[in-house]
Amino acid sequence: LTSNRLVQLLESAGVPPGLVNVLHGDGSTGQLLVENPRIKKVSLTGSVPTGILIAKAAADTLKHVTLELGGKSPLVIFGDADIDEAVSAAMMANFCTQGEVCSNGTRVLVAKEVHAEFVKRLVLRTRKIRIGDPFADTTNMGALISLPHLLKVQEAIERYKAEGCGVALDLSQPTSLPPAFKGGYFLGPVIFDNVPSSSSLLTEEVFGPVIAIQIFSSEAQAVAMANDTEFGLAGGVFTSDFARAHRVAAALDAGTVWINEYNPAPIELPFGGRKMSGYGKEGGLEAIDAYTQIKSVYCATTPVACSFD
C-alpha cells in the first residue's frame, strides 16, 4: 500500500503516469523481471541468498545490478568515548524500527575499561522502551513484520542462550501491551553480553532488537574483531580522539562508517556495502551513475587522418 501511495504522490507532483510503476508479486514475479531482456537495470535491497540468485540471473542478459544486502555491522566504543552518547547510538543502531534495519550495528564492541559502565547504562535505558501502538506518540517500538519472522527471531534468541551468550537483559516477551495488541508480532529488546566468538549470533543477521556485546583490549584487537565477518555494509566508531577515529574508520572493511553517530543517511551520502553485503551505491552522485550509462560521441571537423595512400 505504501508503494501504491508513493506512485500517486509522484503523479500528483507532475511525474507522467506510467513512468513509475508498481508491480506486486512473489519471487516468481521478480524472477520474470530479472530475466526479461527489456529490463536494463535491477536494484535489490534484500537478503544475501536472494542477491546471489539475482546476480546470477542478471548475468545472462548483462544487466546492471545494485545489491544492498545483509549486514552484521560493528559499533566500536573506545574507553575515551562519551558513554551516554555511545549508549544512545547503540540503541538507535539496534532498536530503531524493531531492529529491522540492514545497516544496524548489531555487534557492539566495547573497550574493557568502560564495558561494565556501558552495559549498566544501556540496560537501564533499554528498560524504559515503550512497546505498543505504532501510531501513538509515546511508543518507541512496534511489532516485527510478520508472524514467521517473529517465530524465527524467538527461536534464534533461545539458540544464542544455549550457545553460551550471557543475558544482560531479556525483554523479548512484552508484558505491558494494550489489550488490543495482545497476540501481535511484538518482541522486546534483548541484550547479550560477553558473547563468545563461537556463537552464531556474531554471524547471523537477526533482523530484530537483539544486541551482541563483546569486549576488546586494544585498538588492533577491535579492528580485527570488527572485520571478522563476511559482511561489510557499515560500521561505527565512538571516541574523543579524532585521529584514532579516522584511523579506525579507514581500517574497517565497510561501505559506510559513522564517527560518534550511527545510521544517519542523508541523500548526499553514498551508501552501499562490501563483501557479502553487496555492491553498488544508493545516494550521492554514485547512485546517479548506477542508473545512467555514459555515451561517447566524437564529432570530427577536420579531414580524416589517414596513413594509407
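The values are calculated or read from the model by the stated rules, or taken from the named source; none is laboratory data. Keep in mind that this is a model prediction, so the values were computed, not measured. When we count neighbours, we look across all protein chains shown, and the Cβ atoms used for this are built from the backbone with ideal geometry, even at glycine. Note: accessible area is taken over every heavy atom of the protein model, side chains too, but ligands, DNA and RNA are not part of it. Shrake-Rupley method; radii C 1.70, N 1.55, O 1.52, S 1.80 Å.
Set against the labelled values (i) 23.0, 93; (ii) 21.9, 65; (iii) 19.9, 62, Rg and Dmax of the Cα atoms in Å computed from this structure falls on (i). Modelled this way, with points 7 Å down the Cα-to-C-beta line, the labels at Ala250 and Thr302 are 4.4 nm from one another.
The alpha-carbon of Lys152 sits under 24 angstrom from the alpha-carbons of these lysines, leaving out residues fewer than 8 places away in its chain: Lys72, Lys161, Lys182.
Beta bridges per DSSP, both residues in the chain: antiparallel share near 25 percent.
Provide the packing ranking of 59-71, 292-304, 216-228, i.e. peptides ordered by the mean count of other C-beta atoms within 10 Å per residue, highest first.
59-71, 216-228, 292-304
Quick one: grab the alpha carbon gyration tensor of the stretch 1-95, order the square roots of its eigenvalues as a ≥ b ≥ c, and give me rounded if a/c is under 1.5, else prolate or oblate depending on whether a/b is larger than b/c. Cα axes put the stretch 1-95 in the oblate bin. Taking amide hydrogens as placed 1.01 Å from N in the peptide plane, the amide H of Phe216 sits under 5 Å from those of Val110, Ala111, Lys112, each at least 5 positions away in sequence or on another chain. Can you give me the % of accessible surface on the chain that is carbon or sulfur? Probe 1.4 Å, all protein chains present, nothing else counted. The C+S portion of the solvent-accessible surface of the chain is 59 percent. Modelled this way, with points 7 Å down the Cα-to-C-beta line, the labels at Ser43 and Asn4 are 2.3 nm from one another. Model label points for Leu285 and Glu117, set 7 angstrom from Cα along the Cα-to-Cβ axis, are 4.4 nm apart. Computed from the Cβ-Cβ distance with R0 of 25 Å, the FRET efficiency linking Ala13 to Asp137 stands at 0.35. Please give every one of the lysines within straight-line cross-link reach of Lys295, meaning a C-alpha to C-alpha distance under 22 Å, and leave out same-chain neighbours fewer than 8 residues apart. Those lysines meeting the cut-off are Lys40, Lys41, Lys63, Lys281. Cross-link partners for Lys275 among the aspartates and glutamates, with Cα-Cα distance under 17 Å and sequence neighbours closer than 8 places in the same chain left out: Glu68, Glu204, Glu205, Asp228, Glu230, Asp253.
When the charge dipole of the chain is built from unit charges on Cβ atoms (+1 for Lys and Arg, -1 for Asp and Glu) and taken about the Cα centre, the candidate among Pro270, Tyr185, Gly105 whose Cα reaches farthest toward its positive end is Tyr185. Heavy-atom accessible surface of the stretch 204-309, averaged per residue, reaches 60 Å², computed with a 1.4 Å probe.
Of the complete DSSP H runs in the chain, those spanning 20 angstrom or more by Cα along the long axis with a mean Kyte-Doolittle score not below -1.0 are 147-162.
Can you work out the FRET efficiency for the pair Ile145 and Ser176, with r the C-beta to C-beta distance and R0 = 25 Å, to the nearest 0.05? The formula returns an efficiency of 0.70 here. Rolling a 1.4 Å probe over the protein heavy atoms gives the stretch 47-122 an accessible area of 37 Å² per residue.
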